[in-house]
1. If I go through segment 1-25 residue by residue, how many of them are crowded, with 19+ Cβ neighbours inside 10 Å and within 14 Å of Val96 (Cα to Cα)?
2. For the structure I just gave you, tell me whether Ala162 is more than 24 Å from Pro228 (Cα to Cα), modelled with pLDDT of 95 or more and surrounded by 13 or more Cβ atoms within 10 Å (Cβ to Cβ).
3. Pick from Leu74, Leu33: which is closer than 27 Å to Val210 by Cβ and either outside the structural domain of Asn174 (by TED's automatic domain parsing) or surrounded by 21 or more Cβ atoms within 10 Å (Cβ to Cβ) (or both)?
Amino acid sequence: MPELPEVETVRRGLAAVWEGRRLAAVVCRRPDLRVPFPERFAERLAGRRIEAVGRRAKYLVVSLEDDLVLLAHLGMSGRMTISGRRDAPPGPHDHVSFVTDDGTEVTFTDPRRFGLMTLCGTAELPRHPLLASLGPEPLGMDFNPGVLGRALDGKAAPIKTALLDQTVVAGLGNIYVCESLFRAGISPLRAAGSLSARDLARLVPAITSVLEEAIAAGGSSLRDHVRPDGEIGYFQHAFAVYGREGAACPGCTCDPARTGGIRRLAQGGRSTFFCSKRQR
């Protein structure tokens, strides 16, 4: 599933071609994705000017004139692709097309149909059921060691699991939690509530630096993620631990022949990658 850096990469690509433009046409080719499209979805969007393309956690938040908001999630395999107006027929998984007044077409493609798109009013957005319980943005000004410490206080769950909880911090997923814990030198097995002030002071900047570097690289392309311009992301080439079971981790003196190198274990049905020597 695309995580915060991948969604932010998509947001930036769409903002460049959408903001200030008017939707000349919207074509919706099926009644639902993960959930049904709102009634008169395409009709309500067509003709409106796009004022801003934002993001909240892993959701795209597209603000249009007259206080209408398009809220979209890419799901497991969804992608937004920018092109000139196409003459070729849509592919079998091209579910929604957005054409702006300058002829630019953005196509939402989602083979697994785990994505979603819905509409709401601007005033409804903060209390929308998809957003209301989300924690702070990890790249926002209100994310700091004190905020994270209060969210983790008393939690017996492993820190890896706690950081995947979107009510604790919004937008993190499996890849970037593994990478952040490695940078901070914190074991994914530690109880979340056991982290000290010193641990938190390492973890918060580790999270923000990993995310910022991933965004700068266009995200991580492992399976489905492609930037709106059709190019892949490159952060997967900078992974320190994720997907590198048995390898030596960078900047560490562990000996793979003796220690087994980077370890993998299952937590909450997901693979966790870490260095047992560096991460305590």
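1. 1
2. Working: more than 24 Å from Pro228 (Cα to Cα): yes; modelled with pLDDT of 95 or more: yes; surrounded by 13 or more Cβ atoms within 10 Å (Cβ to Cβ): yes.
Spelling it out, Ala162 is indeed more than 24 Å from Pro228 (Cα to Cα), modelled with pLDDT of 95 or more and surrounded by 13 or more Cβ atoms within 10 Å (Cβ to Cβ).
3. Details: Leu33 fails: closer than 27 Å to Val210 by Cβ.
On inspection, the qualifying residue turns out to be Leu74.
The values are calculated or read from the model by the stated rules, or taken from the named source; none is laboratory data. Model, not experiment: these values are computed from the prediction. Reconstructed Cβ throughout: ideal geometry from the backbone, glycine too, with neighbour counts over all protein chains shown.
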